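The values are calculated or read from the model by the stated rules, or taken from the named source; none is laboratory data. The structure presented is a predicted model; accordingly, all values stated were derived computationally and were not measured. Cβ sites come from the backbone with ideal geometry, for glycine too, and all protein chains shown count toward neighbours.
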Amino acid sequence: MDFWSSPLGWTLITAGGILLVTVGILISLAFLLLADRKIWAGVQLRKGPNVVGPFGLLQSFADFFKFVLKEIVVPAGADKVVFILAPLITFILAFIAWAVIPFAPGWVISDLNVGILYIFAISSLGVYGIIMGGWASNSKYPFLGSLRSAAQMVSYEVSIGLIIVNVILLAGTMNLTSIVTQQSGWIWNWNAFGGGLGSLPLIVIMFPMSIIFFISALAETNRPPFDLPEAESELVAGYQVEYSSTPYLLFMIGEYANIVFMCVLMSLLFFGGWHPGFPTDFLNGWPPILANLFYLAVLFAKTIFCFVMIAIVKAFVPRYRYDQLMRLGWKIFLPTSLVAVIVVSAWRVFVQGGA
Amino acid sequence: MIEAIAFYLLAITAVFAGGAVVLSRSPVHSVLWLILAFFASAGLFVLLGAEFLAMLLVVVYVGAVAVLFLFVVMMLDVDFVKLREGFTRYLPLAAIVAAILLAEMIIVSLAVASGGAAAGGQIVPATADASNVETIGRVLYTDYVYIFQAAGIVLLIAMIGAIVLTLRHKPHVRRQNPGDQINRDRRTAVEIKSAETGRGVSPEELL
């Protein structure tokens, strides 16, 4: 007991937690990537990857070895340091954001008081990997792609920020664990439904906000229909044109880690996190570890649900044109979420009398 | 002990990155070093217990301002040789500014070390139960509300000015109107004509 509260023990526990979370994410990413391709194929009445392993389950691992064993090609005119740095930054940023995500009561690496702000700060840095990669390639297509994506990510960052402000106003805290704890109990306590019976009318605001958050998350992670940075029909593959082998793999993993991260964030902020939507009193008799595993499974199920939605959107929505994308972000989402902030804060002050 | 190590690591990083901003050859590298300097200062804020300010520094400066810097610098066609020529010419001026700043810092730290006015007297009493955000919010929206609002108005005017300066309505651009597109319906958009079998349709008949 003493050892685990000493500095050395604390360091060991934290390092172990980080390792566990990272490896867990990487392994789930392998299967989520396969699920993404399978869903995509299913919508188009194809079979998808089905050769490597049973049902193609090992496809991602085969792809991994294929990427790692290839040669890393650095273009002659490239800025070598920045060229290699860009995928590393994307990869690292995609993973350090997970530090504040609570997976179950108490299961969190760092329970920051400003957890949401930390997430917001990290996700606003994601643009650097793309813009550095595009510039360092010293080639026109990657540069155009990276400029586009920089403008796109900065634009949608704004509306995501304002939507998160709504959740902060409802919860009255920036700590992710407290935000989830406030959504315990019945399903109407979830933030998407106004966060409690007392503020049920806010469902008119909060439910559309969760949908706008979902769409903004698509744009923020460069997913179709907003995958303009890589728009293969016009920019070949955008900022990734000159990348091969492991650096490309790092970009790819970083992108998917960000997508899954947005799914988890949406579950935590709007859909009750690890709370299944009904009182969990029956868990009181269970051993704490089993109860936590139950909560983890609930959060996992919600995340998978969000991921399936994102995968389906990729399959059947055509790509936006760039001016349409900007119009959607600045002229529709930004004013809507701004009005929502005003309404929610007015509700908090005048109806609930919160100071 | 760990705090001291963290402080010295961050401080050395900040100073080194600051120097590299001035000394690096490519402007894009300068901006990247500047971002590292911002990051190190955010870390110093965290060490001071001001985690809210640290996060804001990262969100505002690294996430938005530096992106725009990078944007502009990447698209500029900068002549590196010319840039280096200016370096030696402005060095004396820069040295004077640096000396003045250094003198000010030394005076301030001497004042604090000898128990000056700002040493112990915190302007906002840090309470144990209120978080960083709450404390700043309480002060900002009560004692300093007029200054806060004035800052907001200044920013709003700057934003409107930027829009006015850059907004140009080009006369021959056909803009998309999504409302019109959605409201178009089959009855007005398409006209169905029946053509006789084996005869075809001539253009005049379609009008």
* Which one of B:197, B:142, B:188 is assigned to a helix (DSSP H, G or I) and either among the basic types (Lys, Arg) or at pLDDT 75 or above (or both)? -> B:188
* Yes or no: residue A:295 in a helix (DSSP H, G or I), touching an Asp or Glu at 6+ places or on another chain (Cβ under 8 Å) and crowded, with 20+ Cβ neighbours inside 10 Å? -> no
* Structure fact -> Among the residues of the stretch A:132-147, the number that are buried (at least 24 other Cβ atoms within 10 Å of the Cβ) and either within 7 Å of chain B (Cβ to nearest Cβ) or of a type in the set (Lys, Arg) (or both) is 1
* **Selection from the stretch A:85-113 of residues that are out of contact with any Phe, Trp or Tyr (no Cβ under 6 Å at 6 or more places or on another chain), outside any helix (DSSP H, G or I) and not polar (S, T, N, Q)** => A:101, A:102, A:103, A:105, A:106, A:107, A:108, A:109, A:111
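For (1) buried (at least 20 other Cβ atoms within 10 Å of the Cβ); (2) at pLDDT below 85, each residue gets a yes or a no:
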position	(1), (2)
A:86	yes, no
A:93	yes, no
A:104	yes, yes
A:111	no, yes
A:116	yes, no
A:119	yes, no
* Restricting attention to the stretch A:205-250, report how many residues are modelled with pLDDT of 85 or more, in contact with a Pro (Cβ under 7 Å, 6 or more places away or on another chain) and among the charged types (D, E, K, R). => 0
* **Residues located in the stretch A:154-178, provided they are within 11 Å of chain B (Cβ to nearest Cβ) and crowded, with 24+ Cβ neighbours inside 10 Å** => A:174
* The one condition in (1) loosely packed, with under 14 Cβ neighbours inside 10 Å; (2) touching a residue at least 24 places away in the same chain (Cβ under 8 Å); (3) not hydrophobic (A, V, I, L, M, F, W, C) that residue B:8 fails to fulfil -> (2)
* Quick one: which helices (runs of 4 or more DSSP H) sit completely within the stretch B:1-104 and have at least 3 residues that are modelled with pLDDT under 80? -> B:80-89
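Mind listing just one residue for me: the one in the stretch A:241-281 that is in a helix (DSSP H, G or I) and among the polar types (S, T, N, Q) and, of those, nearest to residue A:294 (Cα to Cα)?
My answer is A:267.
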* Asked: among the hydrophobic types (A, V, I, L, M, F, W, C), within 14 Å of another protein chain (Cβ to nearest Cβ) and surrounded by fewer than 24 Cβ atoms within 10 Å (Cβ to Cβ): does that describe residue A:187?
  -> no
* Mind counting the residues in the stretch A:41-63 that are within 21 Å of residue A:26 (Cα to Cα) and in a helix (DSSP H, G or I)? => 8
* Criterion violated by residue A:23 - all others in (1) among the hydrophobic types (A, V, I, L, M, F, W, C); (2) touching a residue at least 12 places away in the same chain (Cβ under 8 Å); (3) in a helix (DSSP H, G or I); (4) more than 14 Å from every other protein chain (Cβ to nearest Cβ) satisfied -> (2)
* Structure fact -> Only one of (1) surrounded by 14 or more Cβ atoms within 10 Å (Cβ to Cβ); (2) at pLDDT 90 or above does not apply to residue A:23, and that is (1)
* Asked: Can you tell me which residue in the stretch A:310-355 is nearest to the other protein chains (Cβ to nearest Cβ), limited to those that are outside any helix (DSSP H, G or I) and more than 16 Å from residue A:226 (Cβ to Cβ)?
  -> A:355
* Asked: Got a sec? Which of B:73, B:60 is in contact with a Pro (Cβ under 6 Å, 6 or more places away or on another chain), more than 8 Å from chain A (Cβ to nearest Cβ) and surrounded by fewer than 20 Cβ atoms within 10 Å (Cβ to Cβ)?
  -> B:73
* Asked: What do you reckon, is residue B:185 within 32 Å of the chain's Cα centre (by Cα) and more than 23 Å from residue A:328 (Cβ to Cβ)?
  -> no
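Table: residues versus (1) in contact (Cβ under 8 Å) with a residue 12 or more places away in the chain; (2) surrounded by fewer than 17 Cβ atoms within 10 Å (Cβ to Cβ).
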{"residue": "A:212", "(1), (2)": "yes, no"}
{"residue": "A:215", "(1), (2)": "yes, no"}
{"residue": "A:219", "(1), (2)": "yes, no"}
{"residue": "A:227", "(1), (2)": "yes, no"}
{"residue": "A:242", "(1), (2)": "yes, no"}
{"residue": "A:260", "(1), (2)": "yes, no"}
{"residue": "A:263", "(1), (2)": "yes, no"}
{"residue": "A:288", "(1), (2)": "no, yes"}
{"residue": "A:318", "(1), (2)": "yes, yes"}
* Assuming residue A:78 fulfils every condition listed in (1) buried (at least 18 other Cβ atoms within 10 Å of the Cβ); (2) modelled with pLDDT of 90 or more apart from one, which condition is it? -> (2)
* For the subset of the stretch A:190-200 comprising residues that are part of a helix (DSSP H, G or I) and touching a residue at least 24 places away in the same chain (Cβ under 8 Å), which member is farthest from the other protein chains (Cβ to nearest Cβ)? -> A:192
* Asked: Would you say residue A:56 is exposed (fewer than 13 other Cβ atoms within 10 Å of the Cβ), modelled with pLDDT under 85 and more than 19 Å from the chain's Cα centre (by Cα)?
  -> no
